[in-house]
Amino acid sequence: MKNYLEKIFKEASQKLTFLSDVELMFEIPKTISHGDFSCNVAMMLTKKLKKNPRQIAEEIISNLKYDEDIIQKIEIAGPGFINFFFTPSFMAKVIENILTQKENYGRTDKYKGKKANVEFVSANPTGPLTVGHGRNAVIGDTVANMLEAIGYEVEREYYFNNAGRQMRVLGDSVKQRYLQLLGKKINFPEDYYQGEYIKEIAGEMVKEFGDSLKNENPEGKFKEKAEGVIFNDIKKSLKLLGLEFDTFSNENTLFEEGKIEALLSTFNKKNLSYEKDNAVWLKFTKLGGEQDKVIVKSSGEPTYRLPDIAYHITKFDRGYDLIVDVFGSDHAAAYPDVLAGLKALDYDTDKVKVLIYQFVTILEDGEVVKMSTRKANYVTLDELVDEVGSDVVRYFFNMRNTSSHMNFDLTLAKKQSDENPVFYLQYAHARICSILRTVVEENIISSVENLNLLVKEEEQQLLKKLNKYEEEILYASENFEPHRICSYLEELAAAFHKFYTFCRILGSEKKLAEARLALAEATKIVLQNGLGILGVTAPERM
RNA sequence: GCGCCAGUAGCUCAACCGGAUAGAGCAACGGCCUUCUAAGCCGUAGGUUAGAGGUUCGAGUCCUCUCUGGCGUACCA
């Protein structure tokens, strides 16, 4: 539809040359009476042409040549908007389109042949995933789905740090509990991992090894065992949400493969680093940063920046066209360093999209729950999925703009989950399935022969929403905004529920019933496709 | 102190590079089930878009300042 408008404007611009000087924009107005598409070009041109916008609009319209089977009317409104109204029969063409393309409707090959890597969750294996990690997990997977929908070949990746201090503390936490189980008196430090799972792991080790590990280095078997056990649990939790990764990367491997060492010498060779106070510093000031920062501590251990840069280099080496990192806002200060480091080495950082989402405030019984893995103060993701189901969790985390803080009221989520909008969408789908079951008995078969009969307000509104889907998916995906899909689907479901209430299929005249059934089937497909991208199921019955 | 993100209806949040009368859901109130699922539909009420300036044909959206909240600001990740 938009294409058609662009086409007729292009034709008109041969005569009205000023049209080629501005960017044409067509938007779908909020208010129904403003038509199917609206164009503000006349207002954009007021200054340039020094004319009244309505006058300009008049001139433009009189030079537009269009097919009356496609456009019903064009009018000037308000300060100078040009509003376009399509014919009902043209609007209805979308049904044929959807029924032909089915699960491919809304997908595009715009980015076909391009490869993307989406890195998300990336929680270090120091404890179970919490509700806080849920937002990251859901956003990452949905973004990956969206990129696939617009043609990318997507790799889902999970990266974790298993080389630093954090993991050492984890290993020693297990060791201390192990010694405790063997009857030794210990003084468990406050800043060690307090969770019960540490004791369980220690228990397993007692069973497996007896007391033979009394003198084992905490960074040896203890760390190894803890990492393995915890990671298994993390994978299980992810699976409950329907998440599967293609690749797991970790920090240790980077060391083992000499990537860290190599990077360090590259920085040195390029004169981008220097030694001071026994530590190695990277010249961030030279790279546009505020101050130089340490990349190797005086202890000889790198700070997170070095492996992070090395890790991103491996991603560049793998040849992606797009590299997405999903981070919580606590990392917002860290990624510019990583990008600056990469840029200094001539990597094209425009390929990197860092998606920062704001924190989730968890409320329980009206109180804010501060999550801390260390202090064992958390609500696990498993617990939540168990209580409300994967669909609700995924929808909930998807429905808000990533740049907004969000509140998650656990008490409310558990108790009033029936009021979650996800059920509104699923119900629309289930209703259509129910119609399709009933209609078989009545011998009504959908048909696209008489779609011009769909002229009622509710039918036209539903058609409009269906027409919007492709654009909506493309826009949401290119801008990494999953919540737009939720908003769209809620509008679509609302349009359907109205149609359902006012336009009956059973009992209508045969041709009309067939056309309406086709409309319902098309709606079902779009709901299914949209929910699919969100990772939410489309149930046949509720 | 400085930096990033935010502040929109009682609550949770939308609003497409600045567009027309700022929209949904929940909560509240009033209607609609002999007919394809009432997890639905229709209606009522609810707003100085935190506050003050500025930019322009036009500002919730852009700029400046103030207030409030979240996250950073390490030789933690």
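Listing for the model above:
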item: Number of positions in the stretch A:106-137 that are outside any loop (DSSP other than H, G, I, E, B) and of a type in the set (S, T, N, Q); result: 3
item: Residue satisfying condition, being part of a loop (DSSP other than H, G, I, E, B) and touching a helix residue (DSSP H, G or I) at 6+ places or on another chain (Cβ under 9 Å), within set A:LEU213, A:LEU170; result: A:LEU213
item: Among the residues listed as A:ALA430, A:ALA515, the single one being within 12 Å of RNA strand B (Cβ to nearest atom) and either aliphatic (A, V, I, L, M) or closer than 30 Å to A:VAL154 by Cβ (or both); result: A:ALA430
item: 3 or more residues under 30 Å from A:ASN97 (Cβ atoms): qualifying helices (runs of 4 or more DSSP H) within the stretch A:1-84; result: A:2-12
item: Test: residue in the stretch A:89-101 that is open to solvent by 10 Å² or more (accessible area, probe 1.4 Å), farther than 28 Å from A:GLN528 by Cβ and aromatic (Phe, Trp, Tyr); result: no
item: Within the stretch A:308-324, tally of residues that are near RNA strand B (Cβ under 8 Å from one of its atoms) and either touching a Gly at 6+ places or on another chain (Cβ under 7 Å) or more than 15 Å from A:LEU339 (Cβ to Cβ) (or both); result: 0
item: Residue list for the stretch A:179-204, restricted to those being over 17 Å from A:GLY127 (Cβ atoms) and either assigned to a helix (DSSP H, G or I) or within 44 Å of the chain's Cα centre (by Cα) (or both); result: A:LEU179, A:GLN180, A:LEU181
item: Hits in the stretch A:325-338 - residues which are open to solvent by 30 Å² or more (accessible area, probe 1.4 Å) and either touching a residue at least 24 places away in the same chain (Cβ under 8 Å) or near RNA strand B (Cβ under 7 Å from one of its atoms) (or both); result: A:PHE327, A:SER329, A:ASP330, A:HIS331, A:ALA332, A:ALA333, A:PRO336
item: First in the stretch A:248-274 and farther than 20 Å from A:ARG168 by Cβ and open to solvent by 50 Å² or more (accessible area, probe 1.4 Å), second anywhere and β-branched (Val, Ile, Thr) and outside any helix (DSSP H, G or I), Cβ under 9 Å, 6 or more apart; result: A:ASN268/A:VAL280; A:TYR274/A:VAL280
item: Residue in the stretch A:473-485 that is over 20 Å from A:ASN104 (Cα atoms), basic (Lys, Arg) and either open to solvent by 50 Å² or more (accessible area, probe 1.4 Å) or without any contact (Cβ under 8 Å) to a residue 24 or more places away in the chain (or both) present; result: no
item: Condition met for A:ASN467 (polar (S, T, N, Q) and away from RNA strand B (no atom under 12 Å from the Cβ)); result: yes
item: Pick from the stretch A:143-178, criterion open to solvent by less than 10 Å² (accessible area, probe 1.4 Å) and of a type in the set (Gly, Ala, Ser), ranking: farthest from A:LEU243 (Cα to Cα); result: A:SER173
item: The stretch A:32-55 residues that are among the polar types (S, T, N, Q), paired with ones that are surrounded by 14 or more Cβ atoms within 10 Å (Cβ to Cβ) and assigned to a loop (DSSP other than H, G, I, E, B) (beta carbon under 6 Å, 6 or more apart); result: A:SER38/A:PRO29
item: Residue within the stretch A:85-96 that is in a strand (DSSP E or B) and either within 11 Å of RNA strand B (Cβ to nearest atom) or in contact (Cβ under 8 Å) with a residue 24 or more places away in the chain (or both) present; result: yes
item: Residue match in the stretch A:411-420 (condition: aliphatic (A, V, I, L, M), in contact (Cβ under 8 Å) with a residue 24 or more places away in the chain, near RNA strand B (Cβ under 10 Å from one of its atoms) and open to solvent by less than 40 Å² (accessible area, probe 1.4 Å)); result: no
item: Index of the failed condition, A:VAL455 passing every other in (1) within 26 Å of the chain's Cα centre (by Cα); (2) in contact (Cβ under 8 Å) with a residue 12 or more places away in the chain; (3) open to solvent by 60 Å² or more (accessible area, probe 1.4 Å); result: (1)
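Conditions (1) in the same structural domain as A:GLU472 (by TED's automatic domain parsing); (2) free of Cβ contacts under 8 Å to residues at least 40 places away in the same chain; (3) not aromatic (Phe, Trp, Tyr), marked per residue:
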| site | (1), (2), (3) |
| --- | --- |
| A:ILE150 | no, no, yes |
| A:ARG156 | no, no, yes |
| A:LYS175 | no, no, yes |
| A:LYS185 | no, yes, yes |
| A:GLU190 | no, yes, yes |
| A:GLY203 | no, yes, yes |
| A:PHE209 | no, yes, no |
| A:LEU213 | no, yes, yes |
| A:LYS235 | no, yes, yes |
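For (1) near RNA strand B (Cβ under 7 Å from one of its atoms); (2) open to solvent by 10 Å² or more (accessible area, probe 1.4 Å); (3) not assigned by TED's automatic domain parsing to the domain that holds A:PHE9, each residue gets a yes or a no:
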residue	(1), (2), (3)
A:GLU23	yes, yes, no
A:THR31	yes, yes, no
A:PHE37	no, no, no
A:ASN40	yes, yes, no
A:LYS51	no, yes, no
A:ALA57	no, no, no
A:TYR66	no, yes, no
A:ASP69	no, yes, no
A:PHE81	yes, yes, no
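Yes or no, residue by residue, for (1) away from RNA strand B (no atom under 16 Å from the Cβ); (2) closer than 30 Å to A:GLU383 by Cβ:
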residue	(1), (2)
A:PHE222	yes, yes
A:GLU227	no, yes
A:LEU241	yes, yes
A:PHE245	yes, yes
A:GLU256	yes, no
A:LEU263	no, no
A:GLU275	no, no
A:LYS283	no, no
A:VAL294	no, no
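The values are calculated or read from the model by the stated rules, or taken from the named source; none is laboratory data. No experiment lies behind these values; they were computed from the predicted model shown. Ideal geometry is used to build each Cβ from the backbone, glycine not excepted, and the neighbour counts take in all protein chains shown. Surface areas here come from the heavy atoms of the whole protein model, side chains and all, with no ligands, DNA or RNA. Shrake-Rupley method; radii C 1.70, N 1.55, O 1.52, S 1.80 Å.
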